[in-house]
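Working notes, structure below.
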């Protein structure tokens, strides 16, 4: 739904919007776990879905724009493999850390890492337009 509603948004704006929404999304996920709140988890899930939709839409638009027409399917397939690996690896990491340190510690560690990466990427993205 978010993809359809934001089709007029530039790819850059979609990706920066996703990066801006990422920190509150992961904070809400961790809060829901710590507080055991289904209401917070539903809110977090909704915000995470919007964040992912914006990020995927914006980045896939860029991939489609830069891919040569005769190789677009190959390039998009490679992009999707990277996306799926990017989704799977944190799940595996959380599983490993959960086994060693507990599920809350794993969630906090990954949330902190995601926030640092998102804010760094957001800073680079904003700075890239000023140059």
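Read the figures in this text as sums done on the coordinates, not as results from a lab. Everything quoted here is computed from the prediction, not taken from an experiment. Note that we place each Cβ from the backbone using ideal geometry, even for glycine, and neighbour counts take in every protein chain shown.
Restricting to DSSP H runs of at least four residues, report the calculated mean residue ellipticity at 222 nm for the chain, -39500 (n - 2.57) per run over all residues, nearest 500 deg cm²/dmol.
Numbers: 5 runs with 116 residues, N = 131.
Mean residue ellipticity, 222 nm, calculated: -31000 deg cm²/dmol.
Expressed as an acute angle from 0 to 90° and rounded to the nearest 10, what is the orientation of the C-alpha long axis of helix 72-101 relative to the principal long axis of the chain?
10 degrees
With viscosity set to 0.890 mPa s and temperature to 25 °C, compute the Stokes-Einstein D of segment 90-131, Rh being the Kirkwood radius across alpha carbon pairs; µm²/s, no decimals.
Working: Rh = 11.5 Å.
Answer from the Stokes-Einstein relation: 214 µm²/s.
So how tilted is helix 103-130 from the main axis of the chain? Cα-based, degrees 0 to 90, rounded to 10.
Taking Cα atoms only, the helix is inclined about 30 degrees.
Which angle between 0 and 90 degrees, to the nearest 10, do you get for helix 11-35 versus the longest principal axis of the chain when only C-alpha atoms count?
That works out to roughly 10 degrees.
Could you work out the Rg to Rh ratio of the chain, with Rh taken as the Kirkwood radius (inverse of the mean 1/r over all Cα pairs)? Don't skip to the answer; put the middle values down first.
Numbers: Rg = 16.3 Å, Rh = 16.1 Å.
So for the chain, dividing Rg by the Kirkwood Rh gives 1.01.
Rank-order 12-18, 121-127 by packing density, defined as the average count of other C-beta atoms within 10 Å over each peptide's residues, highest first.
Working: 12-18: 20.0, 121-127: 13.0.
Packing order, densest peptide first, comes out as 12-18, 121-127.
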